[in-house]
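Each remark here refers to the structure printed beneath this line.
The values are calculated or read from the model by the stated rules, or taken from the named source; none is laboratory data. Note that the coordinates shown come from a computational prediction; the quantities given were computed from them, not determined experimentally. For accessibility, only protein heavy atoms count, side chains too; no ligands or nucleic acids. Shrake-Rupley method; radii C 1.70, N 1.55, O 1.52, S 1.80 Å.
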Amino acid sequence: VQLQASGGGLVQAGGSLRLACAASGNIFSINVMGWYRQAPGNERELVADITRGGSTNYADSVKGRFTISRDNAKNTVYLQMNSLKPEDTAVYYCNARNWQGSIGYWGKGTLVTVSS
C-alpha cells in the first residue's frame with residue numbers, strides 16, 4: 001500500500017486547511033485510515049482516524065475543529081482543519097492499517113504551519 005498526502009502549507013491562526021491522502025496498491029487490505037502529527041521535539045500523535053465503515057476517532061485537542069472523512073470509491077481520506085492554532089503546527093502523516101491492525105503504512109509527511 002502506498003499513501004500520497006497533499007494539502008499542507010502556511011496559514012494564519014483561525015484559518016483553514018484541508019489535507020488529502022490517496023491510497024494505492026492493495027487497498028482492500030486496509031480498514032482504518034487516519035492522520036498523525038509530529039511537532040519538533042514531540043512524539044508522533046494521533047490526530048484522527050476513520051474506519052472503512054465511517055467510524056471516527058479524534059484527539060481531544062482537535063475535537064470540534066477538525067473533521068476527518070473518507071471516500072472509499074477514491075481510496076482517499078481527508079482532514080478538514082478549521083480554527084487552526086499555532087500549536088497545530090507540525091508535520092502531518094497519513095496512516096493506514098489493515099483489518100487486523102497488525103500492519104501499518106505511512107505516507108510522507110506534509111508540513112502544516114500556523115502563524116500567530
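Counting only the Cα atoms, the chain fills a convex hull of 92 Å³ per residue.
Across the accessible surface of the chain, with the other protein chains kept in place and a 1.4 Å probe, carbon and sulfur atoms take up 48 percent. Highest mobility in the GNM of the chain, judged by mean-square fluctuation with C-alpha springs under 10 Å and restricted to G15, G101, G41, is found for G41. Report the percentage of all Cα-Cα pairs in the range 60-116 whose separation exceeds 17 Å, rounded to a whole percent. Summing the P(r) tail past 17 Å for the range 60-116 gives 51 percent. In the context of the full set of protein chains, the chain has a per residue accessible area of 52 Å² (1.4 Å probe). Based on the convex hull around the alpha carbon atoms, the range 27-76 presents an average projected area of 4.2 nm².
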